[in-house]
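Worksheet for the structure shown next.
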Amino acid sequence: MQIKSKRMEVFKPSVFTGLKYLKQDYTKKTGKDTIDFSIGSPNIAPEPSIMKVMQESVMVPENYKYAITDLPQMKEAIHDWYKNRYDVELEPNEMVCLQGSQEALSTLFLATCDQGDIVLVPDPYYPIFSDGPKIAGATVDYMPLLEENGYLIDFDAMDPEIAKKAKMMIVSYPNNPTCAIAPDSFYKELIAFAKKYDIMVLHDNAYSELVFDGKIGKSFLSFEGAKEIGIELNSFSKTFGMAGARLGVCVGNKDIIEVYSTLKSNMDYGIFLPVQYAGIEALRHGGQSIHSTCQAYQDRRDVLVKEFAEVGWTIPKSPATMFSWAKIPEKYEDSKAFVLDLLEKTGIVVTPGQAFGKQGERYVRLALVQDESAIKEAARRLKETHFFK
């Protein structure tokens, strides 16, 4: 019996699954706990009012019916958030809710791409950026994000013949895993490039509220002409601490939203109503914690950079996101070798950069999901083991 489809050749076990087993082996072997900087699962809870609305909503029997479509109040709240936060005007047919932004990254290409269509994907990339198009049978062509270019896409380096054939491109700033942010000039160049080659743009904006040192994140849609060629994903996971509740939005070009909404209407029955009510509360009244959440990640970044530098590991200060992106020593063959040695000798777990693509081979990603005391304990272990000596 042939069980696995050819489509499944796209997938390998998640890097985080592999790291989980390695952590278990370390603890079993040493009797010590690991300090885990691998998976970017937020550990800062939502505002109490958001959790209260969720709690009350799940006790209402009527809320267990199929949602089918987004609540009108939900769309109103999205409209007001985008208007007040980004100065972007959205119509009801320019938005659709998601079961987390990963839903669109997994399935949108089924609605927009045919077999063999080219999708341009940055490298390094969040894994589903590459896997989503492949699920739909599209061909992925990678755009290198180089440190010397500030991890920005270099449009001048793009092959014009590839660009002419491309159907879509994925862009994401603030960027996971490199933590880079993009200047206004980049977005203007992006829009001009997409118009020139008739390419749809998908901008993943999950980290717009986690921008550090007094800078303010922006929306791709706030730039002139963006809505003509693209859409944007935004997430409640990082901004409001609602990662497990699975809620996101896809907004922008009405024609893309329409075709994707048609696909979704044949795949699911809408977002669980209590989650929508919690999302409305988040957009209406949950903004008080955004600053403190951002500050908490910035403080962790500062402690990590300072403490690790003192024991020999120089890590750049991330300008945004909930991660740090760090080079590995030259003596290691690649980032996987570094990660294994680091875990074995210190119990510290980080994600190998090559899990995010070829350009990540000499880097690792650290998620700022440990409190400051755990970060200092990690530094103590690095010092104790003379890991960087």
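Some points to look at:
- Among the residues of segment 294-305, those that are under 20 Å from the mean Cα position of the chain (by Cα) and either open to solvent by 10 Å² or more (accessible area, probe 1.4 Å) or of a type in the set (Gly, Ala, Ser) (or both) comprise Cys294, Gln295, Ala296, Gln298, Arg300.
- One residue from Asp334, Asp302, Asp341 being assigned by the TED database to the domain that holds Ile375, out of contact with any strand residue (DSSP E or B) (no Cβ under 8 Å at 6 or more places or on another chain) and touching a residue at least 12 places away in the same chain (Cβ under 8 Å): Asp302
- Residue satisfying all of: in segment 18-38; loosely packed, with under 11 Cβ neighbours inside 10 Å and in a helix (DSSP H, G or I); nearest to the chain's Cα centre (by Cα) among these: Tyr21
- Residues located in segment 132-159, provided they are charged (D, E, K, R) and out of contact with any strand residue (DSSP E or B) (no Cβ under 9 Å at 6 or more places or on another chain): Glu148, Asp156
- Condition check for Ala180: modelled with pLDDT of 95 or more and touching a Gly at 6+ places or on another chain (Cβ under 8 Å): yes
- Where Ser41 falls short, out of the listed (1) open to solvent by less than 30 Å² (accessible area, probe 1.4 Å); (2) assigned to a loop (DSSP other than H, G, I, E, B): (1)
- Yes/no for Ala278 being aliphatic (A, V, I, L, M), open to solvent by 30 Å² or more (accessible area, probe 1.4 Å) and either touching a residue at least 60 places away in the same chain (Cβ under 8 Å) or assigned by the TED database to the domain that holds Gly18 (or both): no
- Boolean, Ala77 is modelled with pLDDT of 95 or more, in the same structural domain as Asn234 (by the TED database) and touching a Gly at 6+ places or on another chain (Cβ under 6 Å): no
- Of all residues in segment 87-116 being at positive phi and touching a strand residue (DSSP E or B) at 6+ places or on another chain (Cβ under 7 Å), the one that is least open to solvent (accessible area, probe 1.4 Å): Gly100
- Residue within segment 74-86 that is of a type in the set (Asp, Glu), over 18 Å from Glu281 (Cβ atoms), in contact (Cβ under 8 Å) with a residue 12 or more places away in the chain and open to solvent by less than 70 Å² (accessible area, probe 1.4 Å) present: no
- Contacts under 7 angstrom Cβ, first residue in segment 227-239 being over 29 Å from Thr293 (Cα atoms), partner charged (D, E, K, R) and open to solvent by 10 Å² or more (accessible area, probe 1.4 Å), 6 or more apart: Ile229/Lys195
- In this structure, Tyr332 does not qualify as out of contact with any Pro (no Cβ under 8 Å at 6 or more places or on another chain), surrounded by 18 or more Cβ atoms within 10 Å (Cβ to Cβ) and under 30 Å from Glu361 (Cβ atoms).
- Residues that are of a type in the set (Phe, Trp, Tyr) and touching a helix residue (DSSP H, G or I) at 6+ places or on another chain (Cβ under 7 Å) do not occur anywhere in segment 177-186.
The values are calculated or read from the model by the stated rules, or taken from the named source; none is laboratory data. If you're wondering where the values come from, they're calculated on a predicted model, not measured in any experiment. Virtual Cβ from ideal backbone geometry, glycine too; neighbours counted across all protein chains shown. Heads up: the accessible areas ignore ligands, DNA and RNA and are worked out on the full protein's heavy atoms, side chains in. Shrake-Rupley method; radii C 1.70, N 1.55, O 1.52, S 1.80 Å.
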